[in-house]
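Chemist: Got a structure for you, written out below as structure tokens; questions coming shortly.
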Amino acid sequence: MPPKILFVDDEPSFEKLIRRQFRKQIRSEQYEFIFAGNGVEALEALQSDAEIRVTITDINMPQMNGLTLLEKIRELDSSIETVVVSAYSDMKNIRTAMNRGAFDFLTKPIDFEDLEITINRALSEVQKLREDRKKLLDAQTQMIQNEKMTALGQLVAGVAHEINNPVGFIASNIEIAEDYMNGLIELIQSYQGKFPEPGEDIAEKIHEIDLEYIVNDVPEVIASMKEGSERICYLSNSLRTFSRSDTTTKIPFNIHDGIDSTLLILKHRLKSSEVRPSIEVKKDYAELSPVICYPGQLNQVFMNLIANAIDALDEASVGRDWAEMMKNQPNIISIRTYPIEGDQVAISIADNGPGMSEEVMARVFEYLYTTKPVGTGTGLGLYISHQIIADNHGGQLRCVSAPGQGAEFIIEIPMK
């Protein structure tokens, strides 16, 4: 798309003159020119078209002069460069314009060769300003997100650490308790063999506590306690996997551990809610070697993509009949990993939600863009995820979707 230049002049013949002088550049799409007859029209054009990069304006115009327009432009977008045009006799206004931030000035009659040089210089400056501003926004956004993820990571790591000690006590004591119980059961059975008629009082007590049931049930109780402690240990390990701090260099990481730990963190959101039945997660993992990456950042991407898939299924369920959803279309999130050419790995995270239109897909990775209601989404999750994959891992993050066909986000990153 050629850069857009806005010319502002109240002379009726000015537009024809500019188009005649730059006809070759216009035909070759070197520039795209837009024209306004005064400052008011120019301001309306600037407000409706964010692609305008340079404004070239006369100073003396009706309704809104060039100096006022210059101030309005600086308020609207400081990256737009403005060139003022006037006669030599109007040097006072030209100096005022330059003091107020004009990029340059031209005098009438216009030297068109000088005008083209000035336009190119202004376009280069706008490009530099916008690149610098994007870098600053990217850095600020990443710093904010890093602070949030660091705080979350510290919280999760702290919880995992606090879980470890009591779970360690429980797990080790279960083994001892099992030995004790087995010994006591053996002792009771020996007594029963030695004294089959223990007396009325003991027989009554045996009946009261249902000794036979207890003896048969103790192994199951112990096994259940073991399973519970193992699940808590798995939870603790998953929390520590998720909370891994980023390192200054990439390290080997099992991406399946990262995905599983993220799913565990989000497990409560997968359960049935007021608006929908539970979400089923289908996993299809390929045999993969560890990926050389920043584990904490990849976990952040997994968190954003899976949480977005859950959000999409939540939104699609609002107002629908529960029984119909249970019968006709279960909620599914599919996660697949597989190797691809060039020693790369792909991670696909897909949902069978409402999908996205072409317009939404075209903007889905834009800064602060969100389709969620106010207060429920920042528009940073996918933007930051794209940065992490593209800039920090040399890969790509793309989306495949259509209305009514769900959405699939595909991560592709080098193994090394």
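Chemist: Just need the relative contact order of region 1-129 here, percent rounded to a whole number, with Cα pairs under 8 Å and 6+ apart.
Modeler: About 23 percent, as a whole number.
Chemist: Related question: Pulled fully out, how much extra length does the chain show between ARG363 and GLN329, if you take 0.36 nm times their separation in residues and subtract their Cα-Cα distance?
Modeler: On the way: separation 34, 0.36 × 34 = 12.24 nm, distance 2.84 nm.
That pair, ARG363 and GLN329, stretches by 9.4 nm at full extension.
Chemist: From the P(r) of region 186-306, can you give the percent of Cα pairs sitting at distances over 24 Å?
Modeler: Roughly 55 percent, once rounded to a whole number.
Chemist: Net charge around LYS283, counting only other residues with Cβ within less than 12 Å of its Cβ (Lys, Arg = +1; Asp, Glu = -1)?
Modeler: Surrounding charge for LYS283 is -1.
Chemist: Of the labelled options (1) -0.28, -0.59, -0.87; (2) -0.59, -0.90, -1.03; (3) -0.33, -0.69, -0.99, which one gives log10 I(q)/I(0) by the Debye sum over Cα atoms at q = 0.07, 0.10, 0.12 Å⁻¹ as computed for this structure?
Modeler: Comparing each candidate, only (2) matches the computed number.
Chemist: Work through the residues other than ILE26 whose Cβ is under 14 Å from its Cβ and net out their charges, Lys, Arg +1 and Asp, Glu -1.
Modeler: +3
Chemist: I've got another one for you. Quick one: which residues, 5+ away or cross-chain, put their amide H under 5 Å from the amide H of PHE35? H built at 1.01 Å from N.
Modeler: PHE7
Chemist: Multiply the residue separation of GLU75 and LYS92 by 0.36 nm, subtract the distance between their alpha-carbon atoms, and state the gained length in nm to one decimal.
Modeler: That works out to 3.8 nm of additional length.
Chemist: GLU81's amide H: which non-local residues (gap 5+, or another chain) put their own amide H closer than 5 Å, with H modeled 1.01 Å from N in plane and none for Pro or chain starts?
Modeler: Long-range HN contacts for GLU81: THR55.
Chemist: State, to one decimal in nm, how far the label point of ILE170 lies from the label point of GLN21, with both points 7 Å from Cα in the Cβ direction.
Modeler: Result: 8.1 nm between the two label points.
Chemist: Still on this structure, I have one more. Can you give the FRET efficiency to the nearest 0.05 for GLU341 and HIS268, using r as the Cβ-Cβ distance and R₀ = 35 Å? The partial results should precede the final answer.
Modeler: Numbers: r = 38 Å, r/R0 = 1.10.
Once rounded, the FRET efficiency stands at 0.35.
Chemist: Return the long-range amide H neighbours of ALA87 (sequence gap of 5 or more, or a different chain), with a cut-off of under 5 Å between placed amide H atoms.
Modeler: LYS108
Chemist: When only C-alpha pairs under 8 Å and at least 6 residues apart count, what is the relative contact order of the chain, in percent?
Modeler: Relative contact order of the chain: 10 percent.
Chemist: Further question on the same structure: Going by a ≥ b ≥ c, the root eigenvalues of the Cα gyration tensor, does region 24-121 fall in the rounded group (a/c under 1.5), the prolate group (a/b larger than b/c) or the oblate group?
Modeler: Here region 24-121 falls in the oblate category.
Chemist: Next question. List residues of region 190-214, by number, whose backbone nitrogen lies under 17 Å from a label position 7 Å along Cα→C-beta of ALA177.
Modeler: The answer is 214, whose backbone nitrogens lie closer than 17 Å to the label point.
Chemist: Something else now. What size of dipole, in debye to the nearest 20, comes out for the chain about its Cα centre when the only charges are +1 on Lys and Arg C-beta atoms and -1 on Asp and Glu C-beta atoms?
Modeler: Value, rounded to 20: 2020 debye.
Chemist: Continuing with this model, one more query. Between GLY37, GLY199, GLY296, where does the largest GNM mean-square fluctuation fall for the chain, given springs only between Cα atoms within less than 10 Å?
Modeler: So, out of GLY37, GLY199, GLY296, the one fluctuating most is GLY199.
Chemist: Report, in order of residue number, the helices in the chain meeting two criteria: a C-alpha extent of 18 Å or more along the helix axis, and a mean Kyte-Doolittle hydropathy of at least -0.5; treat each whole DSSP H run as one helix.
Modeler: Helices meeting the criterion: 112-194, 211-242, 295-317.
Chemist: Still on this structure, please answer the following. May I ask for the net charge around MET415, where only other residues with Cβ less than 15 Å from the Cβ of MET415 are counted and Lys, Arg are +1 while Asp, Glu are -1?
Modeler: Once positives and negatives cancel, what remains is -2.
Bear in mind these aren't lab numbers, they're just calculated from the coordinates by the rules spelled out. Everything quoted here is computed from the prediction, not taken from an experiment. Glycine also receives a Cβ, built like all others from the backbone with ideal geometry; neighbour counts cover every protein chain displayed.
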